[in-house]
Every structure is written in structure tokens, then in C-alpha cells.
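Worksheet: one structure, shown below.
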Ligand code: 13P
């Protein structure tokens, strides 16, 4: 069932665990994630970046693909189809019109007042249609979709101002995590995370989940993180399995065998991640 993320994240906030947001890149990614999460009977968020949407053909193609998989594979867990880092109102509207059940509007590159203005316009459009909205305060740095940017940490005051003026459903405060692999240990501001969680009634989101040590993931969840985004980790897991398969099977040319050679490793990694997050239904 395709749903927005409100109920799954409010339950996670109450129950002190996190719901996984896995970015998808193609049909196989979506299929493996749905199958593994269904096997574990847990809710899942499928995140689609603008680059991945373009790669897969567009929002309608993705909605059709995900709905088709849910039906053909008899998936009965709650599944949220979510735009990751929508850079403008138009992207979010196009995705919502195509059938996405959730969007992230990321206007964090603008100053706060502009971020609020754009986010509010998306919230108005989304909420009329039952779609949930995530926004970002501060700026999460690192590399995603081949775009690299530097980080600025969020403040409680800015988070409160954005929430009060927009009534978003979940907030991603930038507090030291980055997209892609970390150089050295990630330095997360847990104190601010905890205070933001206490002052805001909505669930918090941790971006840049790849490479954060297990104890820091657990600490983040205990400080109120209810949704954790993972992209690079599964990409690297799949790519490593594929490299090994190709080097051991140099004459294989069937794309189903080549692409599918990453399935086992990806599913095992998904199982480890959701166990760490404590995800339940
Ligand atoms: P990673 O690629 O570091 O896992 O981050 C994913 C993410 O935050 C997507 O929004």
C-alpha cells in the first residue's frame, strides 16, 4: 500500500526506533528493498532523488513501477514513495501529480525566509492532497547526485521558525552528517538534536546515514531521529558484489545475471540496517 510517512514516523518517534529511507535507482533496487522489508514486516520509505527520477524516465514511470511491484509481489507493508531533496516547488508538484505520497522540499540553500516561503507553498499543495512534506534547515553537505556542497549546521531557533510558519510533517536539521562517505568520524551535534526533538512535535530525519558508526546511529535514534536516509551504502554494497561477480564470471552477458548478482548482498545489508534501526510495525 502506498501511503504518506505520517503514521509510520509518528509511531517510530513514539516507539524510539527509525524507519529506513532507502534511495532507489532502478527496478531491481525497488524490488529488493520491497521484498526484504516485506519479509521483515516493516514499513519503508523509497526515496527518489531528482537525478534518479531523470535516470528512471520520470515520476510517472516510477509510480507505475512501484505500484506494479506492490501488486505483483503482494506487498502488504506500508510503503511511502518520497521525493528526496526536491530542489523546487515544480519538482514536488510534478511528483505529487504523478502519484508520489511524500516529498522533501529542500530549499536549504536559500536564506531562512526564502526557505520558509518555498516550503510553505509546497506544504499547501501537498497537504490538500494527503501528501507528507519534509524540509531541511541548515545545509547537509557532502556529495549526492554528483553534486558536492558544504555544510551549515541548523539552530533550534531556525528549526522552530520554519516549523511554525510551514507546519511541515518532518524536519531534517543539518547537524554534522554528510551525504556520501565520511572522511574520518562523523561529528554529530547530539545535544542540539535532542533539544530540537523536545521542542518540535514532528519527527526528525537524519540524512547521510552511510558510514555513521552503529553506536552513533543508536544515539541519534535515542535523541529523536525517526527516519534515516541511506543511499551510498547500498550503492557500494551492490557495486562490490557486482565487481566480484564479473571478475569471477567474465563470459556472462545476461543483464539479469549481472545486475541480479548484487541482490543477495543488498538484501543482507538491508536486513542489517533495519535491525540496527530497530524498525518495527
Ligand atoms: P548517504 O548517501 O550518505 O547514505 O545519504 C543518503 C541521503 O541522505 C539521501 O537523502
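Structure notes:
- Filtering segment 194-204 to residues that are part of a helix (DSSP H, G or I) and in contact with a strand residue (DSSP E or B) (Cβ under 7 Å, 6 or more places away or on another chain) leaves 196, 197.
- Complete set of residues in segment 101-115 that are touching a residue at least 12 places away in the same chain (Cβ under 8 Å) and under 17 Å from residue 172 (Cβ atoms): 102, 103, 104, 105, 106, 107, 108, 109, 112, 115
- A single entry from 102, 113, 108 fulfils the requirement of being surrounded by 18 or more Cβ atoms within 10 Å (Cβ to Cβ) and more than 17 Å from residue 48 (Cβ to Cβ): 108.
- Identity of the residue in segment 116-135, touching a residue at least 60 places away in the same chain (Cβ under 8 Å) and surrounded by 16 or more Cβ atoms within 10 Å (Cβ to Cβ), that ends up nearest to the ligand (Cβ to nearest atom): 134
- Qualifying positions in segment 196-247 - closer than 16 Å to residue 185 by Cβ and within 11 Å of the ligand (Cβ to nearest atom): 206, 208, 209, 210, 211, 212
- Here is the figure for segment 175-189: residues that are within 11 Å of the ligand (Cβ to nearest atom), assigned to a loop (DSSP other than H, G, I, E, B) and under 16 Å from residue 204 (Cα atoms) total 1.
- Screening 162, 156 for residues that are out of contact with any strand residue (DSSP E or B) (no Cβ under 6 Å at 6 or more places or on another chain), modelled with pLDDT of 95 or more and more than 15 Å from the ligand (Cβ to nearest atom) leaves exactly one candidate, 156.
- The residues of segment 64-92 that are under 28 Å from residue 143 (Cα atoms), in contact with a strand residue (DSSP E or B) (Cβ under 9 Å, 6 or more places away or on another chain) and not in a strand (DSSP E or B), listed by number, are 66, 87, 88, 89, 91, 92.
- Across segment 45-77, the qualifying residues are those that are in contact (Cβ under 8 Å) with a residue 60 or more places away in the chain and within 16 Å of the ligand (Cβ to nearest atom), and the one among them that is surrounded by the most Cβ atoms within 10 Å (Cβ to Cβ) is 45.
- If you filter segment 15-31 down to residues that are within 16 Å of the ligand (Cβ to nearest atom) and in a helix (DSSP H, G or I), you find that the one that is nearest to residue 268 (Cα to Cα) is 29.
- Any hit, segment 244-261, residues being surrounded by fewer than 20 Cβ atoms within 10 Å (Cβ to Cβ), under 20 Å from residue 48 (Cβ atoms) and in contact (Cβ under 8 Å) with a residue 40 or more places away in the chain: yes
- Residue match in segment 144-152 (condition: within 16 Å of the ligand (Cβ to nearest atom), more than 16 Å from residue 207 (Cβ to Cβ), under 20 Å from the mean Cα position of the chain (by Cα) and modelled with pLDDT under 95): yes
- Unmet requirement for residue 233, which otherwise passes all of (1) within 18 Å of residue 47 (Cα to Cα); (2) part of a loop (DSSP other than H, G, I, E, B): (2)
- Any hit, segment 179-197, residues being at pLDDT below 95 and surrounded by 20 or more Cβ atoms within 10 Å (Cβ to Cβ): yes
- Residue ID - nearest to the ligand (Cβ to nearest atom), chosen from residues in segment 248-263 that are part of a helix (DSSP H, G or I) and more than 30 Å from residue 9 (Cβ to Cβ): 259
- Number of positions in segment 165-174 that are within 16 Å of the ligand (Cβ to nearest atom) and surrounded by fewer than 17 Cβ atoms within 10 Å (Cβ to Cβ): 0
The values are calculated or read from the model by the stated rules, or taken from the named source; none is laboratory data. The structure presented is a predicted model; accordingly, all values stated were derived computationally and were not measured. Positions of Cβ are generated from backbone atoms using ideal geometry, with glycine treated the same way; all protein chains shown enter the neighbour counts.
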